[in-house]
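A.B. asks: Before anything else, here's the structure in question.
The values are calculated or read from the model by the stated rules, or taken from the named source; none is laboratory data. Just so it is clear, the structure is predicted and the values come from calculations on it, not from any experiment. Here Cβ is always computed from backbone atoms with ideal geometry, including for glycine, and neighbour counts include all displayed protein chains. Accessible surface is based on the protein model in full, side chains and every heavy atom, while ligands, DNA and RNA are left aside. Shrake-Rupley method; radii C 1.70, N 1.55, O 1.52, S 1.80 Å.
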Amino acid sequence: MSHQRLRDQLRAQLDDLKAKGLFKRERQLQGPQGSAIRVAGREVINFCANNYLGLADHPDIVAAAMDGLKKYGYGMASVRFICGTQEIHKQFENAVARFLGKADAILYSSCWDANGGLFETILGEEDAIISDELNHASIIDGVRLSKAKRFRYKNCDRADLERCLQEAKDARFRLIATDGVFSMDGLLAPLPDICALADRYDALVMVDDSHATGILGPGGRGTAEALGCLERIDIITSTLGKTLGGGAGGFTCGSHELVDYLRQRSRPYLFSNAVPPPIIMAALKALELASSSSELRDRLHANARMLRAGLEEVGFKIRSGQHPILPVMLGDAALATTMADKLLEKGIYVIGFSFPVVPQGQARIRIQLSAAHTPEQLQHAVEAFLDVGKELKVI
């Protein structure tokens, strides 16, 4: 029977993943997201959430979400163009567009949907997309949906990007697509170089800034602001699921014409329910907190500097970068999984990353800092990494 043969094949593949140390197990949290969380009945320090400003359980965010629930209800039970748009949806779109210095914005259920609904909507067979090889899977899948010609350049490689632009010289439109921050490495895309090439070859620039919105740049406006080229970026996609409250939802920012056309033709927007009111109200508050003061950003980056220095001092290899993602490089997939499990025993919640999430031979533990972490928690992490590192002969 086909049903049994499929089950047998999937079981064999799952067993193979387990044998290679690539099987991903989900640990269950027994409470809210935060710098400290409860797992299996005990409190551990959390270093693997995208909760950069510590807003996921912030009292102001919780209060805003509850206010949204009371005033606007639980959900819209409809897509936006039928009867799923409320005034708060437009308020957020206007607010985030102003924040990022763009003309307009459009909300999606996730940034995955924002990326999935972008390329096929605005580009056709006569166009070209030039994409960084390490772009997020949502960009990769979004590009696959488009009929545009596809070019891929080596990660952050200016010369290879120029090669692609030259090969795409006959296209009607050329769109360069890149992550602002490559989340497995904490590496910032070289946006000034990308924009210079875009100007030379008359190309558009699109940036997925999910790991930078709210935390990079003097005003928290992301990678492009941090690198001094925000006004040159044509399209920005990002998320509400990380810094801006940590719930769900995403958006695309750009020109009025771009946003208006996405409202008419972007399939994930047209056929998905509107983002629920509690999430929008929380995101509005998160945007207010992120834009009104640099206090949380300053604390976040101070925490990253402190932990990086502590881990490097005891002998760990951490990729350099300007982002509060600290990749502790280990190489071996099974070693990364084992180390993460042993760190959990010592009260440190981290995850080992391996292929296909990262390239073969580049397994690591990715540490993500939060403004909510305390110096005591950071010191405990250094001590735990030191103990486990010695036990596993990593250092």
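A.B. asks: Within the stretch 276-330, take every residue that is assigned to a loop (DSSP other than H, G, I, E, B) and either hydrophobic (A, V, I, L, M, F, W, C) or without any contact (Cβ under 8 Å) to a residue 60 or more places away in the chain (or both) and give me the one that is farthest from residue 186 (Cα to Cα).
C.D. replies: Applying the filter and picking the extreme gives 293.
Let's see how each residue does on (1) outside any strand (DSSP E or B); (2) over 23 Å from the mean Cα position of the chain (by Cα); (3) touching a residue at least 60 places away in the same chain (Cβ under 8 Å):
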position	(1), (2), (3)
340	yes, no, no
357	yes, no, yes
377	yes, yes, yes
385	yes, yes, yes
394	yes, yes, yes
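A.B. asks: Then there's this: In the stretch 201-228, what count of residues is obtained for those that are touching a residue at least 12 places away in the same chain (Cβ under 8 Å), of a type in the set (D, E, K, R) and surrounded by fewer than 24 Cβ atoms within 10 Å (Cβ to Cβ)?
C.D. replies: Qualifying residue count, the stretch 201-228: 2.
A.B. asks: Any idea which of (1) assigned to a loop (DSSP other than H, G, I, E, B); (2) surrounded by 23 or more Cβ atoms within 10 Å (Cβ to Cβ) is the one residue 161 doesn't satisfy?
C.D. replies: (1)
A.B. asks: For residue 92, are the conditions met, namely being under 19 Å from the mean Cα position of the chain (by Cα), assigned to a helix (DSSP H, G or I) and aromatic (Phe, Trp, Tyr)?
C.D. replies: no
A.B. asks: How many residues, within the stretch 138-158, are open to solvent by 10 Å² or more (accessible area, probe 1.4 Å), of a type in the set (A, V, I, L, M, F, W, C) and in contact (Cβ under 8 Å) with a residue 24 or more places away in the chain?
C.D. replies: Number satisfying all stated conditions: 3.
A.B. asks: Confirm whether residue 80 is open to solvent by less than 90 Å² (accessible area, probe 1.4 Å), under 26 Å from the mean Cα position of the chain (by Cα) and of a type in the set (D, E, K, R).
C.D. replies: yes
A.B. asks: Give the residues of the stretch 124-145 that are closer than 20 Å to residue 238 by Cβ and not in a helix (DSSP H, G or I), sorted by residue number.
C.D. replies: Across the stretch 124-145, the qualifying residues are 129, 131, 132, 134, 135, 136.
A.B. asks: Considering (1) under 18 Å from the mean Cα position of the chain (by Cα); (2) at positive phi, say which one residue 101 fails and leave the rest.
C.D. replies: Against the list (1) under 18 Å from the mean Cα position of the chain (by Cα); (2) at positive phi, residue 101 comes up short only on (1).
A.B. asks: Taking residue 258, is it in contact with a strand residue (DSSP E or B) (Cβ under 8 Å, 6 or more places away or on another chain), part of a helix (DSSP H, G or I), open to solvent by less than 10 Å² (accessible area, probe 1.4 Å) and at negative phi?
C.D. replies: No; evaluated as a whole, the condition is false for this residue.
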